[in-house]
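The values are calculated or read from the model by the stated rules, or taken from the named source; none is laboratory data. All of these numbers come straight from a predicted model, not from anything done at the bench. No Cβ is skipped: glycine too gets one built from the backbone with ideal geometry, and neighbour counts run over all protein chains shown. Areas reflect the complete protein model, heavy atoms only, side chains present, ligands, DNA and RNA absent. Shrake-Rupley method; radii C 1.70, N 1.55, O 1.52, S 1.80 Å.
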Amino acid sequence: MLRSEAARYARWSAAVALLLAAVTTAVYLERHWKTYLDKKKAPPAAPVDVSRQSNGINFKKVEQNQTVFEVQASKSTEFKGQDASLLEDVKITIFGKTGERHDVIHTQSCRYGKEDGGINCSGDVQIDLMSAADAQRLARDPAAAESLTTRVETRGVTFNRASGVAQTDQQVTLAFPNGNGDAVGMEYESEQGAVRLRRNVRLTLLQPPGTPAKKAPGQTPGSRPGQEVHVKGSSLDFSRDTRVMHLHGPAEAETPTERLTAGQILLALDEHFRAEKLVATTGGAGSKPTASSKGKADEMRLEADTLTAYFSPEGWLSKLDAAGAVHGIRNGIAEQDQATADSGTLELWPRVSQPKELNLNGSVLLKTQQSKTGESRLLQTTAFRMEFSGGKERLASKPQKAETLAAGTMEWTDAASQVGVAPARTKLQADKLVMDFAPQGKARQLDATGNVQTERLVTGHPVQTASANSGVAQLSAAGGWSQMDLQGDVRLKEGDRSGQAERATFQRASQTATLTGRAVARDATTETHAPRITFAQATGDIQADGGVRSTDLSPKGSSVQLAPAPANITSDALLANSKTGRALYSGHARLWQGDSVLEAKSIELLRDTRVLNAEGNVRAVFPQAPAKAGEPPADPAADRASDQGARQIPASQPAAKKAHLWHTACETLSYRDAEGRAHLERNVVVQSAEQRMLAPALDLYFTRGTPAGPNGPNIANPGAGAQQISRAVGTGGVTVEEGGRKAIADRGDYTAATGKFVMSGGNPTLYDGSAGTTTGRQLTFFLADDTIIVDSENGSRTLTKHRVEK
């Protein structure tokens, strides 16, 4: 053998020896490690007080072939001299009496009492609440655990095997679909599947995300995040079978913008544990349910004996019911709203949870007040409905239509004009009120139908009331009314004034009421007909046009009393004032009372002073007092001023003539009833059938005649008859014409009782076509017998002529 081969053989032998040694060592180590693991896995040696250990335990409670619950443990240890066992890796599955439950209580170790069946778990405990159907779905799809399971975590739980009640007084945390919470103390009834959280309940409910928002320019579409609702209460009862949470108060539910407080809150969940209905009541805590909301521009609050909210499966609020002493308040930047009713329902648009329709019933009262002006609007009815536009993302809903479903009353209160004076109020009531809104959500028109009644009250003025078949009120941007139109058998009353027409228009700014269509206005003494009549409440003015006809129904209280009969006036227009008693009839004005008639461009009546003024082409007819029967001519000595040489040419005296009418014409006439005198000016002409008197100015004096009775003159009531001309006095250049005779002088004085004319002043002259001319300082002639008395200056020649022909 070569040296090199021997060396190579030696190296291979060493290597094989090392390999065998390594294998031997590995086998030894493997057996040693296996022995160590077996010892570690082997149960420990039983303590000296342990009587028996077992690797598993299982027992059930069965009623009528139905397993109510089952207790399982991976290991059980029994102790010497003790009526208790230690259960490890404990699992209690609760099926309930009907088998519809599948609740699981799980913990690491519990102490089990053999005699009473009680299980006391001092460590951490986990309770999963679900139905049997959910358990089957969970077995098929373990990923659905969060959407199917309500998990309760706590510690220090005791479970009574006989009653199936598990309870603890430790801190409890909950996790359920779309929410979580915590409390102190818990009680779980396995047979009913009910959980009671004893104290300091805090829940967080997560509303599902909103509908995908519309894509804005430069943005990607997304979903509105779900909103958290934080719920607080003193205690809570939850039934997994009925899916009802009963939160005892004082209870509270709050979002970033809304808050609900109540004595107690009931929350019903659907089969997927989503909010379905929430009922807030006063409960034993005595706290009335109150919901409040705070937005960017306003704050709202609603309270009632019961508040009920309904939710859609998608999570949005679909309807809100309020019952019992409902009271709502909204405080905005521009106005404040209040609402009260016995009950109410608010339906909301899907997805956006914005108002869609509001219904209020029983003693409904809605009030709106403007912040800046202080004006207010008040609606009262027994049934009310309001519709809102909306239903779109990022677009707030606005009022669209509001109506009363029963008789309603709308009342407006104006802004206070001055301190200490009550503001003006306007009231409108009808069988039905319908309010229309502009696109911006502001009220613009109010329609009233059926038995419409209005009332306007202004301090210092009589109450103004009206009635009609229907009406329309135009509303201003501030919410008050600007114009009100009534139609159909309109009747108006204000103090002692009243009116009626086919239509009426009320203007708030001018405080006027305008009657049109066969309009009639009445006060204590007069009745006026016209196509159009306007009342001004603030000033008392009355304006009529289009052809006016007035009748004074009470002669004793009228401005003038020309005869014991109603006074009638017609004109194109009338302007009167109830406070001052002034009435101005203009345009073809005409007045007649008994036998007296007056026409002019305008006739003015002043009630308080009993004055009549007529202007513009005045034409009048007045009765003349009759001459006294058998009245002899005047004594020449009495009629002469100082003329010693005047002589009288007598003539036979015929019987007195019957009373007749005098016609007058002038530019202005003023009659004063208290004085019984009419003053005429400018181109005055007074004439009867036999004579005519012209002058720049003339006064007519009246006396009252004796009224006629059934058997002749009423002697028992003298001076109560019609006004009759007893005297006429012209000045400024008077002309008297009678037949072919004419007399001129500065002054003319006519006496109706004797038929005597006295012409004086200037150069009185009598022209007679057949007898010549007579002049003198004063001329007196009698119409009855054509007697003429000429009175001249002392020393002058006097001529007296008697006209033979008539």
**OP:** For S318, list long-range residues whose amide hydrogen, built 1.01 Å from N in the peptide plane, is under 5 Å from its own amide hydrogen.
**Re:** Y310, F311, S312
Original post:
If you find the alpha carbon centre of the stretch 753-768 and of the stretch 564-590, how far apart are they in angstrom?
Top reply: 38
Original post:
Based on Cβ point charges of +1 for Lys and Arg and -1 for Asp and Glu, what charge dipole magnitude is obtained for the stretch 242-338 about its Cα centre, in debye rounded to the nearest 20?
Top reply: 100
Subject >> Inter-probe distance in nm under a simple model that places probes 7 Å from Cα toward Cβ, at K60 and R111 >> reply: 3.0
Original post:
What is the calculated FRET efficiency for N568 to Q483, with r their C-beta to C-beta distance and R₀ = 45 Å, to the nearest 0.05?
Top reply: 0.85
**OP:** Figure the gain on full extension for K91 and R677 (residue separation times 0.36 nm, minus the Cα-Cα span) and round it to one decimal in nm.
**Re:** 198.7 nm
Original post:
Near the amide H of M186, under 5 Å away, which other amide H atoms are found, from residues 5 or more places off or on another chain, if H is placed in the peptide plane?
Top reply: T168, D169, Q170, R198
Subject >> Under 17 Å from the H588 label point (7 Å along Cα→beta-carbon), backbone N, the stretch 535-551 >> reply: 544-550
**OP:** Please find the FRET efficiency linking Q507 to T703, where r is the Cβ-Cβ separation and R0 is fixed at 30 Å, and quote it to the nearest 0.05.
**Re:** 0.05
Original post:
What is the spin-label model distance, in nm, from R301 to S498 if the labels are put 7 Å beyond Cα along the C-beta direction?
Top reply: 4.9
**OP:** For F176, enumerate residues with amide H under 5 Å from its amide H, sequence gap 5+ or separate chain, H modeled in the peptide plane.
**Re:** R151
Original post:
When the distances between all Cα atoms of the stretch 458-541 are binned every 5 Å from zero, what whole-number percent does each bin get?
Top reply: 3, 15, 26, 26, 18, 8, 2, 1, 0
Original post:
In the stretch 496-629, carbon and sulfur make up what percent of the accessible area (probe 1.4 Å)?
Top reply: 51
Subject >> Net length gained if the chain between A175 and A132 were fully extended (0.36 nm per residue, minus Cα distance) >> reply: 13.6 nm
Original post:
What figure in square angstrom, to the nearest 10, would you give for the accessible area of H248 with a 1.4 Å probe?
Top reply: 50
Subject >> Ranked order, R101, R727 - accessible area, probe 1.4 Å, largest first >> reply: R727, R101
Subject >> Debye log10 I(q)/I(0) for the stretch 68-211, one point scatterer per Cα, at q = 0.17, 0.19 Å⁻¹ >> reply: -0.96, -1.16
Original post:
In whole Å, how far is the Cα centre of the stretch 408-424 from that of the stretch 462-517?
Top reply: 17
Subject >> Heavy-atom surface of the stretch 330-374, accessible at 1.4 Å and reported per residue (Å²) >> reply: 52
Original post:
Relative to the present Cα-Cα distance, how much length would full extension add between A416 and E70 at 0.36 nm per residue of separation?
Top reply: 116.7 nm
Subject >> Where labels lie 7 Å past Cα in the beta-carbon direction, separation of S363 and V463 in nm >> reply: 2.4
Original post:
Quick one: Karplus J couplings for the stretch 114-128, per residue in order, coefficients 6.51, -1.76, 1.60, θ = phi - 60°, nearest Hz, x for Gly and Pro?
Top reply: 5, 6, 8, x, x, 10, 10, 10, 7, x, 5, 10, 10, 10, 10
